[in-house]
Amino acid sequence: MLLRLPHPGRGRRSGPRRHFGRGREQHGDPGVRRLLGRRTAVIRLRGVHKAFGEKAVLKGFDLAVPRGGTVALIGASGAGKSVVLKHIVGLLAADQGSVSVDGREVAELDQEALYALRRRVGYVFQFAALFDSMTLAHNVEMGLRRIPGLSRRDIRRRAAECLELVDLGGLGDRYPAEISGGQRKRAGIARAIATRPRYLLYDEPTTGLDPVTTTVIGRLILRLREEIGATGLVVTHDLGTAYEVADSMAFLHDGRVRAHGAPGEIRISADPVVRSFIEGAPELMETIA
């Protein structure tokens, strides 16, 4: 049984409440409405534009992540998928448009509220981003040390539980250089779930892994959804992983979401750009975009 932790974000809410119809946010984009179904959008990006110098990356990007769901954001490398994640946690600010989590605009949060938001989010970095000089256990403990009221014993116990949950039990005293790439990915996931987040953001969780380890990570993402109940957003260009872990998908192309739908709908999409991505024909994507 997992150690109970004070859940980030519970209790009295500061700042204005926002109401969206009858307890559910409304949206004009029919693709987004279909993706949401009857569920509440807890992460929402609307009309987001972001440029770096003269390079426009997001050009009116829209996305809704429903409570309890797992959305896979797919697209070619360099399309801006990781940029989307950085907007959600306030590491980047949109040049134009709206980014909200739990009904609150990320751009309007003060430092205290932004820190509270980040405590509700578990972020799995593309290459795990473990500290090489720390053991796996110490890496997992980092976020726990900032939670008031947790004793050292509780922190060590929780870290051990999280490592066990990702099948790394007994390896807490190892250093990142002493384990495989797949194990490092799983250690990064253990760190992300240690604070019992409401939301899990996965940035290319299977990049650089062999097919067997990729399957292991995909199954782990599914198992964590069942055991933790966190809402998930998985950024990936790996279609196999996206089909396996997501209950809905969004295809990012040329700065916008080109297609939404269930994995089965995306798989049989008649959109020529979507088809070219699925079939691995990038030159076709460029000519018909």
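No lab work stands behind these numbers, since they all come straight from the coordinates. No experiment lies behind these values; they were computed from the predicted model shown. Methodologically, a virtual Cβ is constructed for each residue, glycine included, from the backbone with ideal geometry; neighbour enumeration extends over all protein chains shown.
So here's what we get for this one:
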read-out: At 1.306 mPa s and 10 °C, Stokes diffusion of the range 128-196 via Kirkwood alpha-carbon radius, µm² per second; value: 137 µm²/s
read-out: Gain in span if fully extended, Gln111 to Asp167, counting 0.36 nm per residue against the direct Cα distance; value: 16.6 nm
read-out: Estimated FRET transfer efficiency when R0 is 41 angstrom, pair Phe52-Ser180 (beta carbons, to 0.05); value: 0.75
read-out: Cross-link reach list, lysines versus Lys185, counting only Cα pairs under 30 Å and skipping chain neighbours closer than eight places; value: Lys50, Lys81, Lys86
